[in-house]
Amino acid sequence: MCLAGCASNKPPAGDGGAEKCGTDPVLPCTPPCPSMEIQIDNTAAAKEAIVQLRTDYQSRRPVVKGRIRSTGGGPACTILLTNPDGRLRFPNSGDTTKSLSIPADGSWVEFQVAGEGKSVAIGDAVIEAHCNSTTGALKASKAMTVFWFDNAKIDIATPGRYSVVGGKLTTSGGNAVSFTATADIRPAGIDCTANQITNLRVGIMQNALAGTTRERIWKTPSIAWNAGVAAGTTVTVPKMIRMQINRPATGNDSAASVQPLYDRPGVADTLDANSLQPPTGCSGSAQATSYDTPSTGAPANLVLPAQDGTGTIVGNVTYHPASVKLGPSFLTWCVIFDTSTNEFTVLRERAWHVTVDAFTAGVQRATVDAADRAPTTMPVLSPLANTQTNDPANSTQGPLGADTVTFSR
């Protein structure tokens, strides 16, 4: 005989009215479930019932902790968590439901929630707790919000003009580039003092791409003989010399105190105190700003020892600069950055380049891609770009071409 509360109390045909569970009269019946309570982030506060939207490109699934307990007394039971609107997962993409064993003593059972789809209004992503199955009695519900970011943008202006200034090939009239990053938080009206939002800021990340970053070419050699060098001594030297600095791999354009960002307020290597800002829609929101001006030394003569055919140093050869090129390339992102965990979400990206020569006349500026775009590349976090630039192993110097010049004493 079935006990009271059996999920199905209909007797089989021809049974004479006897109540059975399935076809076996001794199977126990499933008891009813007591009332339940659901909390998000260990609180009943509505403002904390939020989770950040997953990102397709980055394959990042921010999660928030949830918990559920029995509040109405009664037996231990099984609860199926569902989300009819489809905006939530528990927590992976295939986890559209979650089965939980709820004890009778009222202790909490934890679970995780991820945001699968955007909320268009506060509280439109609802968790439902059903007794025993997805179609069982509804024992509790919790309205959540999946927040996300809209209208993200990384703007890059090029105010500075390259020329030789103060012993460097650098810019005047402004920096080589000025960055502006913005993003709006959605849906409108979300409480930015919630734990999952209060540490989020719009920021900037930048990678310096692999390739040649600096090149110098010297030509027109002349010689100064040492005193006492015998008449008839000859020295043969390359007609041109080239030095290159090559970045062997894409690097994070950052510093130890700033990583993984390009710039960060309040640390040793801060460039711009406004480089992290709350998103639009939160109190104190503003544009995140910073700047960059890649530079290199000004043209200067290159002096090398002059050796005769026996390897004896007989003087010095002076080469005169013919080209001093600066040529790094960069990829820059607008990101959402968590100041408490250092986690980031990439929103938009934009590339820019410097291709200038101290010996080229006319206005020379950095160049920027026509528009930003959805992310196509993930930022690399190491190695640091400046470490590569300053590593002597990445610098080469030697003859350019096979032509030579011979000097005779």
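Quick check on my filter: what residues within the stretch 313-339 are in a loop (DSSP other than H, G, I, E, B) and either touching a Ser or Thr at 6+ places or on another chain (Cβ under 9 Å) or surrounded by 20 or more Cβ atoms within 10 Å (Cβ to Cβ) (or both)?
Answer for the stretch 313-339, where residues must be in a loop (DSSP other than H, G, I, E, B) and either touching a Ser or Thr at 6+ places or on another chain (Cβ under 9 Å) or surrounded by 20 or more Cβ atoms within 10 Å (Cβ to Cβ) (or both): G327, P328.
Kindly check whether there is at least one residue in the stretch 125-137 that is touching a His at 6+ places or on another chain (Cβ under 8 Å), assigned by TED's automatic domain parsing to the domain that holds N42 and either surrounded by fewer than 19 Cβ atoms within 10 Å (Cβ to Cβ) or at pLDDT 95 or above (or both). Please lay out each step first, then the result.
Restricting attention to the stretch 125-137, the residues satisfying the condition of being touching a His at 6+ places or on another chain (Cβ under 8 Å) are 136-137.
Filter once more, so that each one left must be assigned by TED's automatic domain parsing to the domain that holds N42: 136-137.
Filter again for either surrounded by fewer than 19 Cβ atoms within 10 Å (Cβ to Cβ) or at pLDDT 95 or above (or both), leaving 136-137.
Taking every residue of the stretch 125-137 in turn, at least one turns out to be touching a His at 6+ places or on another chain (Cβ under 8 Å), assigned by TED's automatic domain parsing to the domain that holds N42 and either surrounded by fewer than 19 Cβ atoms within 10 Å (Cβ to Cβ) or at pLDDT 95 or above (or both).
Pull out all pairs, ordered by first then second residue, where Cβ-Cβ is under 7 Å, the residues are six or more apart or on different chains, the first lies in the stretch 256-276 and is free of Cβ contacts under 8 Å to residues at least 24 places away in the same chain, and the second is of a type in the set (D, E) and surrounded by 17 or more Cβ atoms within 10 Å (Cβ to Cβ).
Partner pairs satisfying both residue conditions: T270/D263; L271/D263; D272/D263.
For the stretch 368-383, which positions are surrounded by fewer than 18 Cβ atoms within 10 Å (Cβ to Cβ) and over 14 Å from the mean Cα position of the chain (by Cα)?
Listed by number, the residues that qualify are D369, A370, A371, R373, P383.
Picking from V146, V109, which residue would you name as being at negative phi and surrounded by 18 or more Cβ atoms within 10 Å (Cβ to Cβ)?
V146
Only one of these is in contact with a helix residue (DSSP H, G or I) (Cβ under 6 Å, 6 or more places away or on another chain), within 22 Å of V356 (Cα to Cα) and polar (S, T, N, Q): N301, N246. Name it.
Being in contact with a helix residue (DSSP H, G or I) (Cβ under 6 Å, 6 or more places away or on another chain), within 22 Å of V356 (Cα to Cα) and polar (S, T, N, Q) holds for just one of N301, N246, which is N246.
Could you tell me whether P75 is modelled with pLDDT under 50, more than 15 Å from A125 (Cα to Cα) and not in a strand (DSSP E or B)?
Answer is no for this residue.
Which condition does S172 not pass, out of (1) of a type outside the set (A, V, I, L, M, F, W, C); (2) within 30 Å of T360 (Cβ to Cβ); (3) not assigned by TED's automatic domain parsing to the domain that holds Q287, if it passes all the others?
With respect to (1) of a type outside the set (A, V, I, L, M, F, W, C); (2) within 30 Å of T360 (Cβ to Cβ); (3) not assigned by TED's automatic domain parsing to the domain that holds Q287, S172 is out only on (3).
Name the pairs: first residue in the stretch 360-384 and more than 29 Å from G173 (Cβ to Cβ), second residue assigned to a loop (DSSP other than H, G, I, E, B) and aromatic (F, W, Y), Cβ to Cβ under 9 Å, at least 6 apart or on different chains?
A374/Y57; P375/Y57; T376/Y57; M378/Y57
The values are calculated or read from the model by the stated rules, or taken from the named source; none is laboratory data. Not measured: the values here are computed from a predicted model. Glycine also receives a Cβ, built like all others from the backbone with ideal geometry; neighbour counts cover every protein chain displayed.
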